Amino acid sequence: MQNFLKTTVLLAGMTALFIGVGYMIGGTSGMMIAFGVAVATNVFAYWNSDKMVLSMQGARPVDPRTAPDLYRMVEALSQRAGLPMPKVYIIETEQPNAFATGRDPQNAAVAVSRGLLQQLEPREVAGVVAHELAHIRSRDTLIMTITATLAGAISMLAQFGPFFGGGNNRDNPLGMVGTLLMVFLAPVAAMLVQMAVSRTREYEADRDGAAIAGDPLALASALGKIAQHARRTVNVAAERNPAMAHMYIFNPLSGQRMDNLFSTHPDVNNRIAQLQKLAAAGPSSSPNLAEAAPRRRNVTVRPSRSGWRVPSVTEGEEEGGRRGPWG
């Protein structure tokens with residue numbers, strides 16, 4: 001509830017910032033034009049976000065035939081979370097990471113990287129998948145779309161507002177000085193609010209993901225391994241599209257070591273500490289964990305006889321097109 005209130009306050013702050021910047025830079029007409037363009041752009045992204053993101057991140061779909069172990073794991077955790085079965089994808093990168101996308105639970109997808117499957121144990125993979133399912137259940141993609149809409153509108157105002165006479169607008173008490181200040185400061189302020197919303201949702205997804213998997217320490221262990229390996233591995237697709245970095249469970253661009261205003265993710269040590277406290281307190285200390293405890297089932301998928309092997313992209317095209325357990 002606390003994180004929900006923080007998110008609400010941050011979204012309200014973004015809206016207020018947009019209104020204020022609109023009057024300071026472009027007046028009423030400039031504000032409405034920029035807002036209209038930003039909304040149109042983000043409405044298109046809202047309906048096509050899953051396809052766009054998955055394609056830009058180099059993800060490919062898998063199914064029960066091509067990745068039976070992973071698919072069964074996602075299916076079991078989705079049932080536990082009370083969600084429809086999302087589409088499952090593997091991201092073609094050696095960096096251990098994962099993200100969820102889709103405008104709602106009925107149109108969702110979970111994508112895990114090849115590096116995640118190679119470097120994490122099954123229970124740790126389950127913890128990561130549960131974290132992403134928590135994002136889907138909380139409709140975090142919708143929240144981030146709203147912040148992206150407002151941030152885009154503010155950026156457009158900063159770029160084009162002066163062409164609508166912002167410096168001479170009678171509603172602008174600082175005149176041209178105020179316009180120039182807003183041109184430089186407004187996009188930065190919007191970015192800070194957007195990052196703050198993202199960090200808030202990560203803490204919430206950690207807590208809810210631990211409840212879904214019933215194993216906070218598995219997610220804590222996974223985050224530690226992801227942070228260790230991700231900092232040494234370049235995610236080429238993420239580097240080409242840095243605006244999508246906030247979607248991953250761990251920052252794919254760089255290892256942020258501090259919880260600061262310019263970090264898209266909370267400090268991983270803080271996240272691990274919170275999960276360890278949750279595990280130490282026991283299920284009774286958390287309504288979500290307490291509710292999940294009676295229905296607890298083993299969602300860890302045992303390796304097949306061939307082990308948790310991750311074939312290469314081209315493997316399976318040989319020997320008559322047969323593929324390994326991970327696709």
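Does the stretch 39-47 include one or more residues that are on the phi > 0 side of the Ramachandran plot, touching a residue at least 24 places away in the same chain (Cβ under 8 Å), more than 18 Å from the chain's Cα centre (by Cα) and surrounded by fewer than 19 Cβ atoms within 10 Å (Cβ to Cβ)?
Going residue by residue through the stretch 39-47, those that are on the phi > 0 side of the Ramachandran plot are none.
There is no residue in the stretch 39-47 that is on the phi > 0 side of the Ramachandran plot, touching a residue at least 24 places away in the same chain (Cβ under 8 Å), more than 18 Å from the chain's Cα centre (by Cα) and surrounded by fewer than 19 Cβ atoms within 10 Å (Cβ to Cβ).
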- Please state which of the following conditions G102 fails to meet, knowing it meets all the rest: (1) of a type outside the set (F, W, Y); (2) within 28 Å of P242 (Cα to Cα); (3) at pLDDT 90 or above. (3)
- Query: Out of all the residues in the stretch 238-267, which are modelled with pLDDT under 80, of a type in the set (G, A, S) and touching a Leu at 6+ places or on another chain (Cβ under 9 Å)?
  - Reply: A245
- Any idea which of A109, A130 is among the hydrophobic types (A, V, I, L, M, F, W, C) and either on the phi > 0 side of the Ramachandran plot or touching a strand residue (DSSP E or B) at 6+ places or on another chain (Cβ under 6 Å) (or both)? A109
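Could you tell me which of the residues A76, A45, A111, A38 is over 23 Å from I143 (Cα atoms) and either modelled with pLDDT of 90 or more or not in a strand (DSSP E or B) (or both)?
Values: A45 fails: over 23 Å from I143 (Cα atoms); A111 fails: over 23 Å from I143 (Cα atoms); A38 fails: over 23 Å from I143 (Cα atoms).
Result: A76 is the single residue among A76, A45, A111, A38 that is over 23 Å from I143 (Cα atoms) and either modelled with pLDDT of 90 or more or not in a strand (DSSP E or B) (or both).
Restricting the search to the stretch 84-93, which residues are in contact (Cβ under 8 Å) with a residue 40 or more places away in the chain and either surrounded by 18 or more Cβ atoms within 10 Å (Cβ to Cβ) or within 12 Å of D50 (Cα to Cα) (or both)? Don't jump to the end; show me each part of the working.
Just the residues of the stretch 84-93 that are in contact (Cβ under 8 Å) with a residue 40 or more places away in the chain, to begin with: 86, 90-93.
Within the stretch 84-93, P86, I90, I91, T93 meet the criteria.
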- Task: Considering (1) farther than 30 Å from A210 by Cα; (2) of a type outside the set (A, V, I, L, M, F, W, C); (3) at pLDDT 70 or above, say which one P162 fails and leave the rest.
- Result: (3)
- Message: Considering only residues that are in a helix (DSSP H, G or I), in contact (Cβ under 8 Å) with a residue 40 or more places away in the chain and within 22 Å of P252 (Cα to Cα), which ones fall in the stretch 48-69?
- Response: S49, D50, V53, L54, M56
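Condition test on A100, is it surrounded by 24 or more Cβ atoms within 10 Å (Cβ to Cβ) and within 16 Å of the chain's Cα centre (by Cα)?
In short, yes.
The values are calculated or read from the model by the stated rules, or taken from the named source; none is laboratory data. Quick caveat: nothing in here was measured; it's all calculated off a predicted structure. Please note: Cβ atoms are built from the backbone with ideal geometry, for glycine as well, and neighbour counts cover all protein chains shown.
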